[in-house]
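Asker: Mind looking over this structure? Questions follow.
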Amino acid sequence: MSALSWHHFIDIESLSSDTIQQLLEKAKTYINTENMSIQPNHECLHKVVCLAFFEPSTRTRMTFELAAKHLGATTIAFDAGSSAIKKGETLKDTVETLLAMGVHALVVRDKQEGLPIEMAAQAGDRACIINAGDGCRAHPSQALLDMMTIQHYKNTFDNLSIAICGDIQHSRVARSQILALQKLGVKDIRCVAPAGFLPKDKNDAVASAGVNMETDPTVGLKDADVIITLRTQKERMQEIDCPDDQQFFKEYGLTQARLSLAKPDAIVMHPGPMNRGIEISGEVADGPQSVILPQIRFGIALRMAIFSHCLG
Ligand code: NCD
């Protein structure tokens, strides 16, 4: 078995379209969409899942934890602040320590791009590494829960127009979403943002992915079926590159007026955390077209499918 075999969950690039479809189908079996209740079972009984988050997180960490618990797994949380890393232990040795404890899956989030790839190479087939976000590079579980949400509300990916708005340049979510949408056959993907927030680097998968880059929101939002808004990720940029929040809201914030440019049945998504009055108005976030809270519930089902795929 190669070091990066199927049982690690690292990025969208390493998943085939078929695997993505299978994960979406599997995820549907864990949720009753009539009342949005999660359907627990014991597929992962006696499996140990360790959550190692080296960056802040609310929904990703807690929904991974809930997903593991709904499948009967035991969960442990790695607290970097009170761990032996503080005493000079290397991350490699920490991973070996966790493997020695019998951890079967290590869910990792870190600001270092590529860290889950390194960890997967180290762990080999001893445990599976699940990427919960590495730097600006990839956030594959968020992308797939977003695909699940889109599929639920729009039934099909055929002929959809999808606008991703805001700080795309620093967004691992947008990178993974764009790759997933392309694997599912979506042709009309628009990145809508000021020039400074659009990916430019030719080595960036998104910059060369053939998506529309649009600086004018009235053009970018026109007749969209799905609008995905993103937070300005100040922690990933120099202060000088950060636009003024009020000015950004005035020019790009998703207000009711801008939303009315999209199709009347367009849905509004956001991976969270949301900054009301910057990338989105409170009225839109709480409005009838917003599916931001259901996205979170779909995230539990989708993460259950990932555990089932990796550990089952
Ligand atoms: C995102 C992340 O951490 O990449 N949030 C999330 O996982 N739900 C987006 C963000 O931080 O803005």
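Asker: Limited to the stretch 266-302, what total is found for residues that are in a loop (DSSP other than H, G, I, E, B) and within 15 Å of VAL226 (Cα to Cα)?
Answerer: So in the stretch 266-302, the residues in a loop (DSSP other than H, G, I, E, B) come out as 266, 270-275, 277-279, 281, 286-289, 291.
From what is left, the residues that are within 15 Å of VAL226 (Cα to Cα) are 266, 270-271, 287-289, 291.
The total comes to 7.
Asker: Out of contact with any strand residue (DSSP E or B) (no Cβ under 9 Å at 6 or more places or on another chain), within 12 Å of the ligand (Cβ to nearest atom) and at pLDDT 95 or above: is that true of PRO264 in this structure? If you could, list the steps in order and put the result at the bottom.
Answerer: On the way: out of contact with any strand residue (DSSP E or B) (no Cβ under 9 Å at 6 or more places or on another chain): yes; within 12 Å of the ligand (Cβ to nearest atom): no; at pLDDT 95 or above: yes.
So PRO264 does not fit the description; no.
Asker: Out of curiosity, is LYS26 without any contact (Cβ under 8 Å) to a residue 40 or more places away in the chain and either within 16 Å of the ligand (Cβ to nearest atom) or on the phi < 0 side of the Ramachandran plot (or both)?
Answerer: no
Asker: Using beta carbons and a limit of 6 Å, which pairs, at least six apart or on different chains, have the first residue in the stretch 140-169 and closer than 26 Å to ASN35 by Cα and the second one modelled with pLDDT of 95 or more and aromatic (Phe, Trp, Tyr)?
Answerer: Every condition considered, the pairs that remain are LEU145/PHE298; MET148/PHE298; THR149/PHE298.
Asker: Quick one: count up the residues across the stretch 181-227 that are closer than 28 Å to PRO288 by Cα, crowded, with 16+ Cβ neighbours inside 10 Å, among the β-branched types (Val, Ile, Thr) and out of contact with any Leu (no Cβ under 6 Å at 6 or more places or on another chain).
Answerer: 4
Asker: Among the residues of the stretch 116-134, write down those that are in a loop (DSSP other than H, G, I, E, B) and either within 12 Å of the chain's Cα centre (by Cα) or buried (at least 24 other Cβ atoms within 10 Å of the Cβ) (or both).
Answerer: Residue satisfying the conditions is ALA127 alone.
Asker: For LYS263, only one of the following conditions fails: (1) within 26 Å of LEU24 (Cα to Cα); (2) of a type outside the set (Asp, Glu); (3) outside any loop (DSSP other than H, G, I, E, B). What is its number?
Answerer: It is condition (3) that LYS263 fails.
Asker: Step by step: first the residues of the stretch 298-312, then only those that are buried (at least 18 other Cβ atoms within 10 Å of the Cβ) and not aliphatic (A, V, I, L, M), then the one that is nearest to HIS7 (Cα to Cα). Which residue is that? First the steps, then the outcome.
Answerer: Looking only at the stretch 298-312, we keep the residues that are buried (at least 18 other Cβ atoms within 10 Å of the Cβ), and these are 298-311.
Remaining after also requiring not aliphatic (A, V, I, L, M): 298-299, 303, 307-310.
Numbers: PHE298: 22, GLY299: 19, ARG303: 14, PHE307: 9, SER308: 10, HIS309: 7, CYS310: 5 Å.
Top of the filtered list is CYS310.
Asker: Related question: Would a scan of the stretch 233-240 turn up a residue that is of a type in the set (D, E, K, R), under 17 Å from the mean Cα position of the chain (by Cα) and within 16 Å of the ligand (Cβ to nearest atom)? Spell out the reasoning first.
Answerer: Within the stretch 233-240, the subset of a type in the set (D, E, K, R) is 234-236, 239.
Now drop any that are not under 17 Å from the mean Cα position of the chain (by Cα), which leaves 236.
After this cut, where a residue has to be within 16 Å of the ligand (Cβ to nearest atom) as well, the list is 236.
Yes, that holds for at least one residue.
Asker: Does ASP244 satisfy the criteria of being surrounded by fewer than 17 Cβ atoms within 10 Å (Cβ to Cβ), acidic (Asp, Glu) and modelled with pLDDT of 95 or more?
Answerer: On the way: surrounded by fewer than 17 Cβ atoms within 10 Å (Cβ to Cβ): yes; acidic (Asp, Glu): yes; modelled with pLDDT of 95 or more: no.
In short, no.
Asker: While we're here: Can you tell me how many residues in the stretch 149-174 are within 16 Å of the ligand (Cβ to nearest atom) and surrounded by fewer than 24 Cβ atoms within 10 Å (Cβ to Cβ)?
Answerer: 2
The values are calculated or read from the model by the stated rules, or taken from the named source; none is laboratory data. Here the structure is a predicted model, which means the values were calculated and not measured. Because the Cβ atoms are built from the backbone with ideal geometry, glycine has one as well, and the counts that use them run over all protein chains shown.
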